[in-house]
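Remarks on the structure that follows.
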Amino acid sequence: MGKRALLVLRDGSVFSGRGFGAEATSVGELVFNTNFCGYQESLTDPSYAGQILTATYPLVGNYGVNEEDSESDKVQVSGFVVREICDRPSHMKSKETLDEFMKRFDVPGIYDVDTRAIVRKIRNFGVMPACLSVYSGKEPDRDELLSKAEKLDYSKIDFVELVTTKKRKEYLVDGKRRVVLIDCGVKMSIIRELLKRNISVVSVPAKTSAQEILSLEPAGVLISNGPGDPELLTYVAKTVRELLHKLPIFGICLGHQVIAHAVGGKTFKLKFGHRGGNHPVKDLESGKVYITSQNHGYAVDEKSLPKGFVVTRRNLNDMTVEGMKHKELPVFSVQYHPEANPGPLDSRYLFDEFAKILG
């Protein structure tokens with residue numbers, strides 16, 4: 001592809017490789033994902049807004065990019081870091097290469113770097129800001145790239161404000177039930193799962209008030225996944241607090257964390273987060289263990305939850321909270337992604353559970 005690239009981390013580490021995608025410079029929180037496939041879904045997941053994503057699987061791009069698997073209308077990551085990229089993909093649905101896809105959305109990528117070393121650094125020292133630059137001429141000043149990385153404070157930026165829908169959107173089916181989805185950066189697969197169950201969806205901006213939501217007369221509310229620090233989302237937590245005793249509520253990922261804040265709970269930042277499709281979660285009520293799809297950097301502080309809530313699921317890798325519910329109200333949430341995509345599909349039954357409490 002002829003381009004060069006530099007990845008400069010806040011600790012001063014520099015990784016030099018070859019570039020793909022756009023000739024551009026971007027900053028973001030450097031994170032990693034352990035999926036073997038599903039790069040298109042990950043790149044278009046709004047939960048990755050403001051982050052530079054590293055793939056632990058060594059070969060990326062081998063099945064190209066299609067028209068069906070995107071989770072939003074654009075590439076959401078700030079950059080992409082891979083070991084090896086395939087420029088001649090083979091798949092019947094493929095419409096363009098990964099390089100072309102990234103270029104179309106003006107997002108830079110770097111390959112031919114030691115992704116194992118990068119992931120080990122994140123595992124040892126935690127996620128950190130980084131700057132990625134793809135160029136074809138003179139090498140950019142490394143000190144300038146380091147300065148840009150040092151200036152990023154990911155936890156101070158409200159990324160939900162950047163990715164939420166700007167206006168109300170309706171996805172209608174013939175069924176009588178309708179839910180309001182508070183869009184904090186929703187994956188389209190969540191909406192698709194509701195539509196499959198004959199439930200119409202009204203997606204609203206994250207700053208929509210409780211009064212506006214109630215005026216739509218929904219059967220329930222779903223709070224979506226999304227990017228950033230949940231502590232910043234006081235406006236969504238306020239809305240949820242006002243809806244708690246009025247409607248069934250289901251929270252997914254960031255939505256799970258928002259519910260915790262709405263009832264007076266707290267969240268904390270994980271050292272390197274949970275991102276991938278291989279996280280074991282135990283359902284404490286049934287005793288079953290599910291392999292789940294996850295993408296989050298924060299977790300709910302179990303000790304901060306009020307007496308009305310109980311923990312229903314736990315991550316078996318680090319024992320963090322993966323699910324909770326109210327003892328009496330029809331309110332429940334999970335930290336992982338039941339819609340999966342690219343998988344595994346173990347937890348799609350949770351949409352059936354939500355459908356049941358809608359009446």
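The values are calculated or read from the model by the stated rules, or taken from the named source; none is laboratory data. Note that this is a predicted model, so its numbers are computed, not measured. Glycine gets a Cβ as well: all are built from the backbone with ideal geometry, and neighbour counts include every protein chain shown.
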Restricting to the range 102-126, and then to whatever is within 22 Å of the chain's Cα centre (by Cα) and in a strand (DSSP E or B), can you tell me which residue is nearest to Thr25 (Cα to Cα)? Pro108
Would you mind stating whether Val173 is modelled with pLDDT under 95, in contact with a Leu (Cβ under 8 Å, 6 or more places away or on another chain) and within 30 Å of Val240 (Cα to Cα)? yes
Would you check which residues across the range 32-54 are surrounded by fewer than 24 Cβ atoms within 10 Å (Cβ to Cβ) and of a type in the set (A, V, I, L, M) and list them? Ala49
Residue among Asp69, Asp87 that alone is outside the structural domain of Gly255 (by TED's automatic domain parsing), surrounded by fewer than 24 Cβ atoms within 10 Å (Cβ to Cβ) and within 25 Å of Ala117 (Cβ to Cβ): Asp87
Which listed residue is β-branched (Val, Ile, Thr), modelled with pLDDT of 95 or more, touching a helix residue (DSSP H, G or I) at 6+ places or on another chain (Cβ under 8 Å) and not assigned by TED's automatic domain parsing to the domain that holds Phe36, from Val202, Val240: Val240
When you look at Arg313, is it closer than 30 Å to Ser70 by Cα, touching a residue at least 60 places away in the same chain (Cβ under 8 Å) and basic (Lys, Arg), yes or no? no
